1. Out of 125, 103, which single residue is under 21 Å from the mean Cα position of the chain (by Cα) and assigned to a helix (DSSP H, G or I)?
2. For residue 38, are the conditions met, namely being surrounded by 14 or more Cβ atoms within 10 Å (Cβ to Cβ), in a helix (DSSP H, G or I) and basic (Lys, Arg)?
3. Could you please find all residues in region 41-57 being assigned to a helix (DSSP H, G or I), surrounded by 12 or more Cβ atoms within 10 Å (Cβ to Cβ) and among the hydroxyl-bearing types (Ser, Thr, Tyr)?
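None of the figures in this text is laboratory data; all of them are computed from the coordinates on show. Keep in mind that this is a model prediction, so the values were computed, not measured. Heads up, the Cβs are rebuilt from the backbone with ideal geometry, glycines too, and the neighbour counts pull from every protein chain shown.
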Amino acid sequence: MSTAHNGDAVVHAAFPYDGPHNADTITEAASAVAELHRYLNNATRSSTLTASELASTLQSLSRAASGYRQLLDQLRQQVGRLEQHGAIYSDQHPDDPQEAAKLRDLARETLDRTRADADALRHGLDTASGYLSRLGHRPPTA
């Protein structure tokens, strides 16, 4: 990398791959992903990247998007295991277990549909990166 930060090292220092994993580290990692998106939104607003730098950035984002399918599958499985923490209930209808089950099932169905969106995102990022990787820049003429 051309900066003082090595993204992999920064992430692994804060979130070791092999754990320990718990609810706090999982929610903190998700929050960190959101913060990195916020950083990129701010940074790309005013910076100018070459075609090669854009292609590289899009490839990195594609790698991130490719992990969403697995992540969404695993989170969907988590939804199916909610009852392991005790009986679930709806905040609006706490005495109606069918309402809680309906909300749980809707969450799982929504995650299923979102996986397809993640695949489309990855494909779009790959495609745009491929086009940009075929571009170069001629030096300015004096």
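1. Step by step, each of 125, 103 is checked, and only 125 is under 21 Å from the mean Cα position of the chain (by Cα) and assigned to a helix (DSSP H, G or I).
2. On the way: surrounded by 14 or more Cβ atoms within 10 Å (Cβ to Cβ): no; in a helix (DSSP H, G or I): yes; basic (Lys, Arg): yes.
No; evaluated as a whole, the condition is false for this residue.
3. Just the residues of region 41-57 that are assigned to a helix (DSSP H, G or I), to begin with: 41-46, 51-57.
Next, only the ones that are surrounded by 12 or more Cβ atoms within 10 Å (Cβ to Cβ) stay: 44, 51-57.
Result: 44, 52, 56, 57.
Yes/no matrix, rows are residues, columns are (1) of a type in the set (Gly, Ala, Ser); (2) within 30 Å of residue 130 (Cβ to Cβ); (3) in contact (Cβ under 8 Å) with a residue 24 or more places away in the chain; (4) in contact with a helix residue (DSSP H, G or I) (Cβ under 9 Å, 6 or more places away or on another chain):
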residue: 10; (1), (2), (3), (4): no, yes, no, no
residue: 14; (1), (2), (3), (4): yes, no, no, yes
residue: 19; (1), (2), (3), (4): yes, no, no, yes
residue: 35; (1), (2), (3), (4): no, yes, no, no
residue: 40; (1), (2), (3), (4): no, yes, no, yes
residue: 49; (1), (2), (3), (4): no, yes, no, yes
residue: 59; (1), (2), (3), (4): no, yes, yes, yes
residue: 79; (1), (2), (3), (4): no, no, yes, yes
residue: 99; (1), (2), (3), (4): no, no, no, no
